[in-house]
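Worksheet: the structure to be examined is printed underneath.
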Amino acid sequence: MKLKCNLRTIALGIGLALSQSVISASSTITTPVPERPAGVTDMVGYAAAPIDTVRVGFIGLGMRGYSAVERFVHIPGTKIIAICDIDTARVTRSEKILSNAGLPAAATYGGEEDSWKALCERPDIDLVYIVTDWKHHAPMAKYAMEQGKHVAIEVPAAMNLDEIWDLIETSERTRKHCMMLENCVYDFFEMNTLNMAQQGLFGEVLHTEGSYIHNLEEFWPYYWNNWRMDYNREHRGDVYPTHGIGPACQLLDIHRGDRMTTLVSMDTKAVNGPAYIEKSTGKAPESFANGDHTMTMIRTANGKTIHIQHDVVTPRPYSRMYQLTGTKGFANKYPSEGYAFEPEQISCDSIPDHENLSAHGFISDAQKQALTERYMHPIIKEVGEVAKKVGGHGGMDYIMDYRMIYCLRNGLPLDMDVYDLAEWCSLIPLSAISIENGSAPVEVPDFTRGAWNKIKGYRHAFKTGK
């Protein structure tokens, strides 16, 4: 009897310890949500007055900025007014793009840390296009909006919650668009798959995945003043989430009928990051914050889930993962593109051999081609071939720029608004908070402050009659 009693006591003790652990793990870390200033309204679905010719100023003419100027000479309804870079050699190099295209010369700025401010202050610019290192994105965008300009900001647009809220409040107060230049939502497979999802082909979308897995070893030396490796050395968490989370959120109608509510993140130890620094400098770093591989799991208000990964230092092949799981179908992009469906989902004369569908594998190449042709996104139909010719990551960069200008010229809501920027960039600080607190759950703030259910379903806007 004594032995049984002791076993029972031990069992009760284990049960109590487990229950206490569950209670402790169930507590969620929250961050403050500032009140919206009196008299200011949200920007969900906001459309500014149409601009017949969008006059653009570019800040940052390095790897991404130079190619952006090249793309804009092909976009109708635009005029390049000014270009700026702290390195004046880059300014000179970019000037040649305009002269080679037979376009008027742009005003030039550079050589000083704050040369960009004069560009933002020009009265003849409608849109400031920011392509600098990460730490300058948010302050430049805020200043440009305060000078009455719409802004487009390379990814990530903001690196912490203070910057995120600052951009939201500035955009709402000035009524100027603040769009992040997330090109991956415009890739061909992503856009066609999004159209299929919006047509109900996958049933109810339950789970999405995305990532930025890209070994950057050959690219590290090209980042000005080593800013990107330094950021990984000094900060923990998913510091570059938007390529993965952007397409995943569009599939789930985030802040257009659903919202992210909670995330949990964890990472591996740092091995290859500090090893690269030692290899390139001859000296091991005293510390290195970011793990080689970071994973984040997210739950939404409607009971959906998202899985996001970040890895830029291991030899894994390039992948943005991009995966969709629905009640009636499945889509996957990396390492190979494919679809799987319940047979009734694509039963029609235009899809060959639909009776031979199997849940144990992807549909055939012929079925995939027929399905893609039938559900090709209208934007791909409109500018896909031009985008391939102009280029920029296979054409998705051109589509991104073209769509932004199209919406500005026609007075339409942009495809990506300041709340998309906020939600996607928030993984940077929130994943760090989770990891630093033993992978604790962290609440994702409602950046729309109550307007997330105002619009039902994500849609691209088109002018009347299109």
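Numbers for the structure displayed
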| item | result |
| --- | --- |
| Lone qualifier among V91, V22, V69 - being at pLDDT below 95 and assigned to a helix (DSSP H, G or I) | V22 |
| Criterion (part of a loop (DSSP other than H, G, I, E, B) and farther than 23 Å from M416 by Cβ) met by exactly one of A118, A49, A38 | A38 |
| Helices (runs of 4 or more DSSP H) lying entirely in the range 353-431 (those with 2 or more residues that are in contact with a Gly (Cβ under 8 Å, 6 or more places away or on another chain) and farther than 30 Å from T31 by Cβ) | 378-390, 396-410 |
| Search result, residues across the range 206-220 that are more than 20 Å from N183 (Cβ to Cβ) and touching a residue at least 24 places away in the same chain (Cβ under 8 Å) | L206, H207, E217, W220 |
| Filter pass, E443 being among the charged types (D, E, K, R), in contact (Cβ under 8 Å) with a residue 12 or more places away in the chain, surrounded by fewer than 19 Cβ atoms within 10 Å (Cβ to Cβ) and in contact with a strand residue (DSSP E or B) (Cβ under 9 Å, 6 or more places away or on another chain) | yes |
| Given (1) free of Cβ contacts under 8 Å to residues at least 60 places away in the same chain; (2) polar (S, T, N, Q); (3) more than 25 Å from Y223 (Cα to Cα), number of the condition T88 does not satisfy | (3) |
| From the options A248, A301, residue that is surrounded by fewer than 22 Cβ atoms within 10 Å (Cβ to Cβ) and among the small types (G, A, S) | A301 |
| Qualifying residue in the range 232-243 (condition: open to solvent by 10 Å² or more (accessible area, probe 1.4 Å), more than 20 Å from L427 (Cβ to Cβ) and either within 21 Å of the chain's Cα centre (by Cα) or modelled with pLDDT of 95 or more (or both)) | no |
| Filter result (open to solvent by less than 50 Å² (accessible area, probe 1.4 Å), in contact with a strand residue (DSSP E or B) (Cβ under 8 Å, 6 or more places away or on another chain) and closer than 16 Å to A68 by Cβ) within the range 97-108 | L98, A106 |
| Identity of the residue in the range 343-371, under 14 Å from T193 (Cβ atoms) and open to solvent by less than 30 Å² (accessible area, probe 1.4 Å), that ends up modelled with the lowest pLDDT | I346 |
| Residue tally, condition buried (at least 16 other Cβ atoms within 10 Å of the Cβ) and part of a helix (DSSP H, G or I), over the range 275-291 | 2 |
| Subset of the range 320-344 (residues that are assigned to a strand (DSSP E or B) and either among the basic types (K, R) or out of contact with any Ser or Thr (no Cβ under 6 Å at 6 or more places or on another chain) (or both)) | Q323, T325, G326, G329, F330, N332, G338, Y339, A340, F341 |
| Cross-chain or 6+ apart pairs with Cβ under 6 Å, the range 67-79 first and free of Cβ contacts under 8 Å to residues at least 60 places away in the same chain, then of a type in the set (K, R) and open to solvent by 40 Å² or more (accessible area, probe 1.4 Å) | K79/R55 |
| Positions within the range 389-412 being open to solvent by 10 Å² or more (accessible area, probe 1.4 Å) and either under 18 Å from the mean Cα position of the chain (by Cα) or charged (D, E, K, R) (or both), in sequence order | K389, G392, H393, G394, Y402, R409 |
| Pick from the range 218-227, criterion loosely packed, with under 15 Cβ neighbours inside 10 Å and part of a loop (DSSP other than H, G, I, E, B), ranking: farthest from the chain's Cα centre (by Cα) | E218 |
| Failed item, numbered, when T208 is tested on (1) hydroxyl-bearing (S, T, Y); (2) buried (at least 16 other Cβ atoms within 10 Å of the Cβ); (3) out of contact with any helix residue (DSSP H, G or I) (no Cβ under 7 Å at 6 or more places or on another chain) | (3) |
| Selected residue (only one of T268, T314 is open to solvent by less than 40 Å² (accessible area, probe 1.4 Å) and over 17 Å from the mean Cα position of the chain (by Cα)) | T314 |
| Residues within the range 110-149 that are open to solvent by less than 10 Å² (accessible area, probe 1.4 Å) and touching a His at 6+ places or on another chain (Cβ under 7 Å), tallied | 2 |
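The values are calculated or read from the model by the stated rules, or taken from the named source; none is laboratory data. What you see is a predicted model, and the numbers here were worked out from it, not measured in a lab. As a convention, Cβ positions derive from the backbone with ideal geometry for all residues, glycine included, and neighbour counts pool all protein chains shown. Accessible surface areas use protein heavy atoms only, side chains included; no ligands, DNA or RNA. Shrake-Rupley method; radii C 1.70, N 1.55, O 1.52, S 1.80 Å.
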